[in-house]
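Just below is one structure, and these are the notes that go with it.
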Amino acid sequence: MTLKERLTEDMKTAMRAREEGRERLSVIRIALAEVKNAEVDKRRELTDEEVLAVLNREVRQRQEALAEAERGGREDVVRKLQRETEILRVYLPEPLGEAELERLVREAIEAVGAAGPSDLGKVMGRLMPQVKGRADGKALNELVRRLLS
């Protein structure tokens, strides 16, 4: 079952359950609409990896809005965004732990023969396909910089 099919099935289940507040249903509908928009833009069905990128973008948008809401002291919005993020994270792969991420970075450094900070691009180029959707690119970049120094 593809990720898009799973989202559709979960939407149908949520509709049948007539969930209280319909929050889960609403979030899944928004995610499916974003997937559909991306398919219209590309003029084809999205692969699971592309659907994952759309879901990651949705989570990232909510996290940015969450930070704004926290700064503004909007506890009601903070709680809503946290619940929406939790609903979307169910569809994302398990994030890599710090130890696993560091192991992958060390392996990549060794594999490309990186000697210093000037080899950052080589290391990142090797790592990104391995950790796509499972690690934050900014945090990964900082870890690579730290280990290359």
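Considering only residues in region 16-37 that are among the small types (Gly, Ala, Ser) and surrounded by fewer than 17 Cβ atoms within 10 Å (Cβ to Cβ), the one that is modelled with the lowest pLDDT turns out to be Gly21. Restricting region 74-115 to residues that are of a type in the set (Asp, Glu) and more than 23 Å from Glu49 (Cβ to Cβ) leaves a set whose member that is surrounded by the most Cβ atoms within 10 Å (Cβ to Cβ) is Glu102. Could you tell me whether Gly113 is of a type in the set (Gly, Ala, Ser) and assigned by TED's automatic domain parsing to the domain that holds Arg29? So Gly113 does not fit the description; no.
Per this entry, Leu7 is counted among residues that are surrounded by 14 or more Cβ atoms within 10 Å (Cβ to Cβ), part of a helix (DSSP H, G or I) and within 20 Å of the chain's Cα centre (by Cα). Surrounded by fewer than 17 Cβ atoms within 10 Å (Cβ to Cβ), in a helix (DSSP H, G or I) and at pLDDT 95 or above, is that true of Thr13? No: the conditions fail for Thr13.
Scanning region 23-43 for any residue that is of a type outside the set (A, V, I, L, M), more than 27 Å from Arg134 (Cβ to Cβ) and not assigned by TED's automatic domain parsing to the domain that holds Ala139 turns up at least one such residue.
Taken over region 125-145, residues that are without any contact (Cβ under 8 Å) to a residue 24 or more places away in the chain and either under 15 Å from Val112 (Cα atoms) or not assigned by TED's automatic domain parsing to the domain that holds Glu110 (or both) amount to 5.
Restricting attention to region 38-73, and to residues there that are within 19 Å of the chain's Cα centre (by Cα) and β-branched (Val, Ile, Thr), which single residue is surrounded by the most Cβ atoms within 10 Å (Cβ to Cβ)? Checked region 38-73; the qualifying residue surrounded by the most Cβ atoms within 10 Å (Cβ to Cβ) is Val51.
The values are calculated or read from the model by the stated rules, or taken from the named source; none is laboratory data. Computed from a prediction, not measured in an experiment: that's the story for all the values here. Here Cβ is always computed from backbone atoms with ideal geometry, including for glycine, and neighbour counts include all displayed protein chains.
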